[in-house]
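Before any comments, here is the structure.
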Amino acid sequence: MTDFFKGIPQIRYEGSDSTNEFAFRHYDAEEIVLGKPMAEHLRFAVAWWHSFAWPGGDPFGGQTFERPWFGDTIALAKMKADVAFEMFDILQAPFFCFHDADIRPEGRDFAENTRNLEEIVDYIGEKMQGSKTKLLWGTANLFSNRRFMSGAATNPDPEVFAWSAATVKTCMDATLKLGGQNYVLWGGREGYETLLNTDLGREAEQAGRFLSMVVDYKHKIGFRGTILIEPKPQEPSKHQYDYDVATVYGFLRRFGLENEVKVNIEQGHAILAGHSFEHEIALATSLGIFGSIDMNRNDYQSGWDTDQFPDSVPEMARAYYEILRVGGFANGGTNFDAKIRRQSLDPEDLILAHVGAMDVCARALKSAAALLADGGLEANRKARYAGWDKPENKAMLTSDLATIEARVRAEDINPQPKSGRQERLENLWNRFV
């Protein structure tokens, strides 16, 4: 045991009237919501990178956090793992997520990176044997090191492509070994800064082949989890190739991977793409590629991805409603890809940020579940499209223009507009949130 979280008790559910800040007021893991425990609906995960590896910098200033495990040695990486599992126990967190660079020190070359990764994965595996916390997903950091300044899979240098492919292979091995339920690819620098030096067609082909190799390797090693892509529109690249859900789906269709790969959708990335979080989730579910979510929020007065912990029940309720509409998560979950603020220096801040976020998500889930159980919103949605249930109208979708014109003339069809009832539905929504 370390003493980093010394004096902080395990967080337990005490109900909405509790004044104890080290308690859940709304997240009761055992509470049954729509037929299953809340914990199974939400499937919370702690992000290793933001919680234990982030130094507290921003685009305008450097490190503010001083953590005893900061440094590039195996011993410090193991201390970081000790602290991580202590926090998982305090929060009773069901899952965690990691990049390879979060958990192992950077080596002099690929071989040393791999040895470091394998040693720390064995250590984390031992920690997991005495913990209830599992691995939601693993991934490779193919964006921080300067070698990735021109991308990884899309890099013009084939040696960077090779390094990246080999690194993903080792991270998939690590994810399988730790029992991970998904594997994520986030193209942090898969994009361009200027078209003056970019071959868009070549880079797309490289990315498609890279992802195909990932899928092939998944089947080769018997990984039964889901391969996920995380869309992001910009930052750091001027334009990134995984801009949003629609863009990713088009990419998957182009390379015949739409039945093999799903998406991990982040709140902050959805906003940067000019969408809402619920829009991206609803689109992904409609396309059959919804997988998991990264839960955070942006500061809407800032122009970048600030990765703050969620604090808005109405916003989160819209997201969880779309997830519940399709039956909830399969392998995915709610990963807190969120950072405490660089002024939040105390260990308590790290714990309480997660406590508050888990409560916000729990309240949002219950609101969304109550609205779905009420059925009013879905009844209105069904009624709006009811005309399409008639056989003669269904037949139009397999007909042709001339036949439809003949029908319009024969039946003297002269449609009049019908109300979309938006404000009434908003009023209905607000009864539950």
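The values are calculated or read from the model by the stated rules, or taken from the named source; none is laboratory data. Note that the coordinates shown come from a computational prediction; the quantities given were computed from them, not determined experimentally. Quick reminder, even Gly has a Cβ in these numbers, built from the backbone with ideal geometry, and neighbours come from all protein chains shown. Quick note on the areas: whole protein, heavy atoms, side chains included, nothing else; ligands and nucleic acids left out. Shrake-Rupley method; radii C 1.70, N 1.55, O 1.52, S 1.80 Å.
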(message) Can you compute the FRET efficiency between LYS6 and ALA75 using 1/(1 + (r/R0)^6), with r the Cβ-Cβ distance and R0 = 25 Å? Round to the nearest 0.05.
(response) 0.75
(message) Under the rule of at least 5 residues apart or a separate chain, name every residue whose amide H is placed under 5 Å from the amide H of THR133.
(response) none
(request) With θ set to phi - 60°, apply the Karplus curve 6.51 cos²θ - 1.76 cosθ + 1.60 along the range 123-136 and write out the HN-Hα couplings as whole Hz, x wherever there is a Gly or Pro. (result) 5, 5, x, 5, 5, 5, 5, x, 10, 8, 7, 10, 9, 6
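Rounded to the nearest 500, what is the chain's calculated 222 nm mean residue ellipticity when only DSSP H runs of at least 4 contribute -39500 (n - 2.57) each, over all residues?
After summing the helix terms and dividing by the residues of the chain, the value is -14000 deg cm²/dmol.
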(request) May I ask you to order 90-99, 145-154, 4-13 by the average number of other C-beta atoms within 10 Å around their residues, highest value first? (result) 90-99, 145-154, 4-13
(message) Roughly how far apart, in whole Å, are the Cα centres of the range 181-243 and the range 7-39?
(response) 38 Å
(request) Report, ordered by chain and residue number, the lysines lying within cross-link reach of LYS169, taken as a straight Cα distance under 22 Å and ignoring same-chain residues fewer than 8 apart. (result) LYS134, LYS177, LYS218, LYS220, LYS262
(request) Calculate how steeply helix 277-287 sits against the longest principal axis of the alpha-carbon atoms of the chain, using the helix alpha-carbon long axis, and give the answer as 0 to 90 degrees to the nearest 10. (result) 70 degrees
(message) What are the ³J(HN,Hα) couplings of the range 254-267, residue after residue, when phi is run through the Karplus curve with 6.51, -1.76, 1.60 and θ = phi - 60°? Round to Hz, x for glycine and proline.
(response) 4, 10, x, 10, 5, 9, 10, 10, 10, 10, 10, 9, 9, 3
(request) Order these peptides, 57-66, 121-130, by their mean beta-carbon neighbour count within 10 angstrom, highest first. (result) 121-130, 57-66
(message) If the only charges are +1 at each Lys and Arg Cβ and -1 at each Asp and Glu Cβ, what is the size of the charge dipole of the range 137-230 around the Cα centre, to the nearest 20 debye?
(response) 420 debye
(request) Return the sequence-ordered ³J(HN,Hα) values of the range 74-81 in whole Hz as given by the Karplus equation 6.51 cos²θ - 1.76 cosθ + 1.60 applied to θ = phi - 60°, using x for Gly and Pro. (result) 4, 4, 6, 5, 6, 4, 4, 5
(message) Restricting to bridges with both residues inside the chain, how much of the DSSP beta-bridge set is antiparallel, in percent to the nearest 5?
(response) 15 percent
(request) Quick one: which residues, 5 or more positions from GLY333 or on another chain, have an amide H under 5 Å from its amide H? H modelled 1.01 Å from N in the peptide plane, none for Pro or chain starts. (result) ILE293
(request) Given the options PRO417, PRO231, PRO310, state which has the largest fluctuation in a GNM of the chain using a 10 Å cut-off (strictly under) for Cα springs. (result) PRO417
(request) Counting other Cβ atoms within 10 Å, keep those with at most 15, restrict to DSSP loop, and tell me which trypsin sites (Lys or Arg not before Pro) in the range 196-266 are left. (result) ARG224, LYS238
(request) Choose one answer from THR175, THR398, THR19: the residue with the largest mean-square fluctuation in a GNM of the chain with alpha-carbon springs under 10 Å. (result) THR398
(request) Go ahead and set up a Gaussian network model of the chain, Cα springs under 10 Å, then flag whichever of LYS177, LYS78, LYS382 fluctuates most. (result) LYS382
(message) If you fit an axis through the alpha-carbon atoms of helix 313-325 and take the longest principal axis of the Cα set of the chain, what angle between them do you get, 0 to 90°, nearest 10?
(response) 70 degrees
(message) If the only charges are +1 at each Lys and Arg Cβ and -1 at each Asp and Glu Cβ, what is the size of the charge dipole of the range 335-419 around the Cα centre, to the nearest 20 debye?
(response) 120 debye
(request) Wrap a convex hull around the Cα atoms of the chain, take a quarter of its surface area, and give that in square nanometres. (result) 24.9 nm²
(request) Determine how large the accessible area of VAL408 is when every protein chain is in place; take a 1.4 Å probe and give Å² rounded to the nearest 10. (result) 60 Å²
(message) Rounded to the nearest 20 debye, what is the charge dipole size of the chain about its Cα centre when +1 sits on each Lys and Arg Cβ and -1 on each Asp and Glu Cβ?
(response) 980 debye
(request) Label the range 232-385 by shape, choosing from rounded, prolate and oblate, from the square roots a ≥ b ≥ c of the eigenvalues of the Cα gyration tensor; if a/c is under 1.5 it is rounded, and otherwise prolate applies when a/b is larger than b/c, oblate when it is not. (result) oblate
(request) Could you tell me the number of lysine pairs in the range 305-433 with C-alpha atoms less than 19 Å from each other, where the two lysines are 8 or more residues apart or belong to different chains? (result) 4
(message) Amide H of GLY191 versus every other amide H placed in the peptide plane: which residues, excluding those fewer than 5 positions away on the same chain, fall under 5 Å?
(response) TYR241
(request) Please give the helix 158-177 orientation as an angle from the longest Cα principal axis of the chain, in degrees from 0 to 90, rounded to the nearest 10. (result) 90 degrees
